[in-house]
Amino acid sequence: MLADRILEKLEGVRRTGRNAWVACCPAHKDQTPSLAIEDTGDRVLLFCHAGCDVHAVVAACGLDLSDLFERTGDSYEDKQRRPSFNARSVLAALLQDATHIYMVGADLTSGRALSDPDKAALLAAVGRIRYAAILAGAV
């Protein structure tokens, strides 16, 4: 188990769930366990309820942040090239673009001509939607 690396370095470890524990935080003088530990399978999550930074906790254990993550063989550069995004943010942006496209369609339907800025905004919106579809594997 990935959490074993850090659990063996902690004191006062007590299981609180299937893959969760509490322990005394090594980054401060902890009398009552305040460090929450959870093993998600591919990473270990740490949270000190007293406010210690995760970097300080890991350093106090003699470990590096990389010790909290499963080694997958992917290089750091490969991970940096992969786009990361928050699904809510993407959906909010797509909704905004879809609304703009709808408004342009309504203008065209009513016989109004599109200005050059409106044309450029429409092309940009379509491009963003297409890019989102590519990222999602839909195209």
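The values are calculated or read from the model by the stated rules, or taken from the named source; none is laboratory data. No experiment lies behind these values; they were computed from the predicted model shown. Neighbour counts run over all protein chains shown; Cβ positions are idealised from the backbone, glycine included.
Just checking, how many residues over segment 14-24 are free of Cβ contacts under 8 Å to residues at least 12 places away in the same chain and surrounded by 15 or more Cβ atoms within 10 Å (Cβ to Cβ)? Qualifying residue count for the region: 0.
Yes/no per residue for (1) outside any strand (DSSP E or B); (2) modelled with pLDDT of 90 or more:
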{"position": "Arg5", "(1), (2)": "yes, no"}
{"position": "Thr16", "(1), (2)": "no, yes"}
{"position": "Val22", "(1), (2)": "no, yes"}
{"position": "Ile37", "(1), (2)": "no, yes"}
{"position": "Gly51", "(1), (2)": "yes, yes"}
{"position": "Val58", "(1), (2)": "yes, yes"}
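You will find that of Thr32, Thr40, the residue that is among the β-branched types (Val, Ile, Thr) and within 20 Å of Arg71 (Cα to Cα) is Thr40 and no other. Cβ-Cβ contacts under 6 Å between residues 6 or more apart (or on different chains), taken from a first residue in segment 112-130 that is over 17 Å from Leu94 (Cα atoms) to a second residue that is surrounded by 15 or more Cβ atoms within 10 Å (Cβ to Cβ), are absent.
Here segment 60-86 is the region considered, the condition is being in a loop (DSSP other than H, G, I, E, B) and among the small types (Gly, Ala, Ser), and the residue that is modelled with the highest pLDDT is Gly62.
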